[in-house]
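Heads up, the thing below is written out as structure tokens.
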Amino acid sequence: MAPRCCESGHHDPAPPMRAGSGLSRRSFLLGGIGLSLTMFGGRALAPGAVDDGLLAAAEAASGHRVVVAISLSGGVDGLSLLPPVTDPKYRKALRPSLWVDPAQTGAVAGTDALRWHPLATDLRGLHDSGRLLLFPAIGYEGPNQSHFTSRHFYEVGATDVNGATGWMGRYLDIVGSADNPMQGLTIGSLLSPMLAPAHTSVATIDTPSAYDFTTPGLDGGPFKDAMVDGFKALGALTSDDPILGPARAAQRDAAAVHTSLHAGGLGAGGPGYPDGPLATRLQDLARLLGADLPIRCASLDSNLDFDTHANQGTVAAGADGTFGRNVVAVGSALKAFQADLEARGVADRVLTLVWSEFGRRPEENGSQGTDHGAGGLAMLMGTRVRAGLQGEFVPLGNLDPDGNLRSSTDFRALYSSILEQWLDQDARDVIPGAAALGRYPLLRA
């Protein structure tokens, strides 16, 4: 394979293969719940095994704690989101167009060293209400500034380019089952590498709300309802014909899915969500969690680009700039998701991890943007999280040999802490080298 070069000039001669790339997959209809899923891994299942397994798992679903992972792809600029305004080296000369005037920022509860970007009002509200724990300088020793490699490390839970399973997938291999693909759910069209298992089953779903019959010129109303009723009636007919029989059965199942999803089978979407793909995916996930489906781990991508090498956007540009627009989208979607979970009565068993593969360089580049760096950002959201910050921002006067921000917390130690404190699972069985890693207090006493 020819060497690949990321935008910052760091070469990645052999980008890692995505975890889970070799898993077998098949699509199927989960008739009892009305979802069309793609299942990855697991053994070959007999007809009805998935539905039966889900029924049994659903009976105990209310007792399971859930981890939701949201990736902010591209590398979030922590120096813009949480500007270190008291650091003597944080000056306008460092960031001529991206410098954030302290007078425009908001206070970060628990520290005087950092402030909130003026457009991070929803994130600030979550933090002030005790629902957001910040990791302002997270990473790993010897940071790799390639998107491909650094994302891979975060996904597999180890600094191992050959890692073939995700850290959540390995957890599900221990506690999960082969006939409950909903236990590890990706909201999107591709399996999240974080959920890639060795032998159990996981699934993906694009979006429940998008499942529909489309006919040109027929967008809804009584004619659309009559058409769906006709599909149901035709599907109810039986036939011994080897072609007609299965076709009618498929028609019947498709009509049942449509009815389930569009007649409140999973409950209505919660209010207050903004427009955008992240908010839509979180709204759908809240519906699934509110329906007590046997989900243990869920993963999704924000579908926002934080790889802001150029035209990142000044504070004066506000939400018209790329970074500001993304910050507003993330904050408003997370705020709505958390409020939705609380309204549905499931928030106390859901922990949301927000992560990004690295931070950005301290110096602004010549294109009014920032290049790949280290010392990134992570956040934990939930009603049970410990308020405040974990780890300190390392001053700009103590950069690493490459001139990047240093980390004060390790992402593998964060995963280990989530496994042990939230999921009651010994991290040594999931995260390589966990015994030598520290642990962070994540939950309220």
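Can you give the FRET efficiency to the nearest 0.05 for Ala109 and Asp160, using r as the Cβ-Cβ distance and R₀ = 45 Å?
After rounding to 0.05, the efficiency reads 0.80.
When you count, for each residue, the other Cβ atoms within 10 Å and take the mean per peptide, how do 70-80, 407-417, 426-436 rank with the highest first?
For the peptides 70-80, 407-417, 426-436, the packing ranking is 70-80, 407-417, 426-436.
Rounded, prolate or oblate, given the Cα gyration tensor of segment 286-445, with a/c below 1.5 counting as rounded?
Because a/c hits 1.5 or more and a/b fails to exceed b/c, segment 286-445 counts as oblate.
Arrange the following residues from fewest to most other Cβ atoms within 10 Å of their Cβ: Val175, Val350, Val156.
Arranged by neighbour count, lowest to highest, Val175, Val350, Val156 become Val175, Val350, Val156.
Could you sort the peptides 102-115, 281-294 by per-residue average Cβ neighbour count (10 Å cutoff), highest mean leading?
Highest to lowest by the protection proxy: 281-294, 102-115.
No value in this document is a laboratory result; all are computed from the given coordinates. Here the structure is a predicted model, which means the values were calculated and not measured. Neighbour counts run over all protein chains shown; Cβ positions are idealised from the backbone, glycine included.
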